[in-house]
Amino acid sequence: MRKEDPSWRFALGASPVTEGVIVFIETDDNLTGYGYASATAHMGASMEGLTGTLDRLIPHVKEYDALEMSAIRIKMDQALSGNNQAKAAIDNALFDLAAKSMNVPLNRLFGGAVRTEFPVLRILAIKSPEEMAEQAQILFNQGYRYFKIKVQGDVNLDIARVAAIRKRLGEEANLTVDANQAYSPKDAIAALNGMATYRLDLVEQPVAMDDYKGMKLVTDSVPVTVEADESAGSIQEVAHLVENRIVDAISLKVPKLGGLWNTLIAAQICKAGNIRYRFGAHVGSRLLNAHAMQLASSLPDLWYASEFGEFARLLDDPFEGIDVVGGFIQIPNAVGTGVKPIGT
Ligand SMILES: [Mg+2]
């Protein structure tokens, strides 16, 4: 899918498009489950890797009844370790199928919805402080009140970005930053202490994903909630971060964690360790966001605002059925994920 803004940039790169693969699984009784595999280079998934992995895994899925999800998960892990993004698409398509076979919304498989509406946090791509404040104002006028300021690792310029956006939007806006690993631990501490003057609720992944000691140093040194994203790339990594209180919060993403089932486990690990969690950016089709929202709706401890609206800046989405209205998004009262291919 093309991006509305072809110059969209974050600390790890820039691309005018976002790529993914739609998986669909059909049953003998003519039900179709859909899943979205997300090609995210900074989480280790390329388009080539995804298509090759899916070609290898899908024949195994065909050996089972679609409702034998545990057996399919074990088989996929035996056939190929890792490769969470491809496995997530299959896992999610099976959950969609299971819900459709029971004629219920997908959240019922996780105990049912305890909320049907979410405040949406939107990302501001790296640009000059003035340009970012302008983009923030456009989103604010559309009703958004939660913002994620992408920063690049330049302490003074990044503080200027936060200052410009706070000044422009006023106190009603809730601000967070995402460094995508761009800082050294000490630069992160300096930057965050500077940004805290402008009231900052959250910093995402300030330092390198494998620098656990650096991350803990930042967590222990700043008055801002520190959240892991790239560091939390599997349920094992989530467990490590929680057990050692390396961060205050975790960004859950269905693709990086390997599907809805593993994301549910990750949320429970966070809850058990008193670490906050929310859902990070599910960049890609509405299909992917619908899956994530169906699970999120059933989690009573979900914290802050989640990123279920990035599809709004993408063109050519082949799915329809959800949209952000006034800064909020609702799960549809429909069977399965609640989204469907356009025109079906
Ligand atoms: Mg992030």
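The values are calculated or read from the model by the stated rules, or taken from the named source; none is laboratory data. What you are looking at is a predicted structure, and each value in this text was computed from that prediction instead of being measured. With ideal geometry, Cβ positions are generated from the backbone for all residues, glycine too; neighbour counts draw on all protein chains shown.
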Unique residue being among the aromatic types (F, W, Y), in contact (Cβ under 8 Å) with a residue 24 or more places away in the chain, within 20 Å of F311 (Cα to Cα) and within 16 Å of the ligand (Cβ to nearest atom) when the list is F147, F118: F147
Close pairs (9 angstrom Cβ cut-off, 6 or more residues apart or separate chains): at positive phi and of a type in the set (G, A, S) in the range 72-87, modelled with pLDDT under 95 and in a loop (DSSP other than H, G, I, E, B) anywhere: G82/G44
Residue satisfying condition, being over 22 Å from L241 (Cα atoms) and of a type in the set (D, E), within set E227, E171, E204: E171
Matching residues, the range 56-110, being assigned to a helix (DSSP H, G or I) and among the β-branched types (V, I, T): I58, V61, I72, I74, I90
Filtered residue count, the range 121-134, keeping only those that are of a type outside the set (D, E, K, R) and either under 17 Å from E307 (Cα atoms) or under 21 Å from the mean Cα position of the chain (by Cα) (or both): 5
Of residues in the range 180-217 being β-branched (V, I, T) and either surrounded by 24 or more Cβ atoms within 10 Å (Cβ to Cβ) or assigned to a helix (DSSP H, G or I) (or both), the one farthest from the ligand (Cβ to nearest atom): I189
Test: residue in the range 256-268 that is at negative phi and in contact with a His (Cβ under 8 Å, 6 or more places away or on another chain): yes
Test: residue in the range 87-102 that is modelled with pLDDT of 95 or more, surrounded by fewer than 16 Cβ atoms within 10 Å (Cβ to Cβ) and either out of contact with any strand residue (DSSP E or B) (no Cβ under 8 Å at 6 or more places or on another chain) or closer than 30 Å to N262 by Cβ (or both): yes
Failed item, numbered, when E171 is tested on (1) in the same structural domain as V247 (by TED's automatic domain parsing); (2) in contact (Cβ under 8 Å) with a residue 40 or more places away in the chain: (2)
